[in-house]
Amino acid sequence: SPQQDFPVVDSRGNLVGIISMTDMREAMADIELHNMLVAKDIAIEGVVTVTMDDSLNMALKLMADLNVRELPVVDRESKRKVLSVISRKDITRAYHLEIDRAKGNRFTEA
């Protein structure tokens, strides 16, 4: 997966943490723990999120401030219901597409 960060949800689908690929690699380095380790053991709690109503500029600023590549997108009403994940790459792609559209260029993604 190109995704770098993975939301961790409880049995009701509510966000309880996040695991980065870096965290996962470190945890998986200890082969003896493979069968005992579960997501909640390495998930970071207190996840910063955005909603569909938040601007891409705000999301990008949060990512820069927190030095993260991705943020969970949660439901506006139920702040713990994960809808998606947005990345810096997603925002950069949208920015370039909008610039090209504004210039009248017909940019197509590869």
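Structure values in brief
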item	result
Test for Ala94: is it under 14 Å from the mean Cα position of the chain (by Cα), part of a helix (DSSP H, G or I) and farther than 18 Å from Ser1 by Cβ	no
Where a residue in the stretch 33-50 is surrounded by fewer than 12 Cβ atoms within 10 Å (Cβ to Cβ) and its partner, wherever it lies, is at pLDDT 80 or above, with Cβ under 6 Å and at least six apart	Glu45/Gly17
Test: residue in the stretch 20-34 that is in contact with a helix residue (DSSP H, G or I) (Cβ under 6 Å, 6 or more places away or on another chain) and either over 23 Å from Pro2 (Cβ atoms) or not small (Gly, Ala, Ser) (or both)	yes
Residue ranges of helices (runs of 4 or more DSSP H) in the stretch 1-77 with at least 3 members within 20 Å of Asp90 (Cα to Cα), out of contact with any Phe, Trp or Tyr (no Cβ under 6 Å at 6 or more places or on another chain) and not polar (S, T, N, Q)	56-66
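The values are calculated or read from the model by the stated rules, or taken from the named source; none is laboratory data. Keep in mind it's a predicted model, so treat the numbers as computed, not measured. Note that we place each Cβ from the backbone using ideal geometry, even for glycine, and neighbour counts take in every protein chain shown.
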